[in-house]
Amino acid sequence: MQRSIPAKIRRASGQPAVSFIPQTDLALRDPSLPTPTLDRTARDRIGRELRAMYVDLARQPIPQRLLDLLGKLEETKG
Amino acid sequence: MKPAFNMREALLGAVPSLRAFGISLTGDVDRADDLVQDTLLRALANIDRFERGTNLNAWLFTILRNLFHSEYRKRRREVEDPDGSYAARLTVHPEQGSRLDFEDFRTALAKLPPDQREALLLIGASGFSYEEAAQICECAVGTIKSRVNRARSRLAQLLAVEDVEDLGPDSMTRAALQAI
């Protein structure tokens, strides 16, 4: 198990900050930006952020009390 | 003879995902670990009822979700807390840069109704199909789809507002963006 991941939830490294400003707003500020459908863009951003958060959580070390609980199981049980 | 299926290993393998689901659902690591522990205990007590070869993860998520909801209902009865303390807990650590972690996202997630939050987590992060999520939540596939859609729309709204606030001291820009 990985033990080095700090408890604090961090953004996965190397990922650019994700903007949730609707694409229409971005287009107002930078007309050169492409304008895909708003829903699709927002949806993709939310999906990426959600998965990144979840992966970070799943990488945290399993608490000892849960390991102890499972350790009591016989190897062959089930 | 080596067992064909090692339940201990299988449960251990499911724990990281169960914890991620529990933490995202409750916003509270300790409470999530209590839920995961109770889930494992209940799974072990009912191991005979698990059909080998079926989806162990879906079975475990169903147990955890049921525990969460019975606890949620109990808490609602015991303490008048209509807004839940979830959001309050998640807004701690203001000293941390909002772009360095998931506070924005988790705070927004916390504002969703639990049924929308769990549907989004199951579909968008836990990797379940709509059919599996419907089974876990004991509702129709269409209900899951609708909850996920509403969750995404609400999150987009919440996060767009927060980003506008992040733009800084240019109140003209901020006002202009908010007016759109």
Output yes when any residue across the range B:31-38 is open to solvent by 60 Å² or more (accessible area, probe 1.4 Å) and outside any loop (DSSP other than H, G, I, E, B), and no when none is. yes
Which count do you get for residues in the range B:7-28 that are surrounded by fewer than 17 Cβ atoms within 10 Å (Cβ to Cβ) and without any contact (Cβ under 8 Å) to a residue 24 or more places away in the chain? 2
Hey, residue B:10 under 15 Å from residue A:63 (Cβ atoms), in contact with a helix residue (DSSP H, G or I) (Cβ under 6 Å, 6 or more places away or on another chain) and within 9 Å of chain A (Cβ to nearest Cβ) or not: no
Is it the case that some residue within the range B:39-49 is buried (at least 20 other Cβ atoms within 10 Å of the Cβ) and more than 7 Å from chain A (Cβ to nearest Cβ)? yes
Output the helices (runs of 4 or more DSSP H) that fall wholly within the range B:60-167 and possess 1 or more residues being open to solvent by 50 Å² or more (accessible area, probe 1.4 Å), charged (D, E, K, R) and at pLDDT below 80, or say none. B:86-90, B:141-166
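The values are calculated or read from the model by the stated rules, or taken from the named source; none is laboratory data. Keep in mind it's a predicted model, so treat the numbers as computed, not measured. Cβ sites come from the backbone with ideal geometry, for glycine too, and all protein chains shown count toward neighbours. Ligands, DNA and RNA are excluded from the accessible area calculation, which covers all protein heavy atoms including side chains. Shrake-Rupley method; radii C 1.70, N 1.55, O 1.52, S 1.80 Å.
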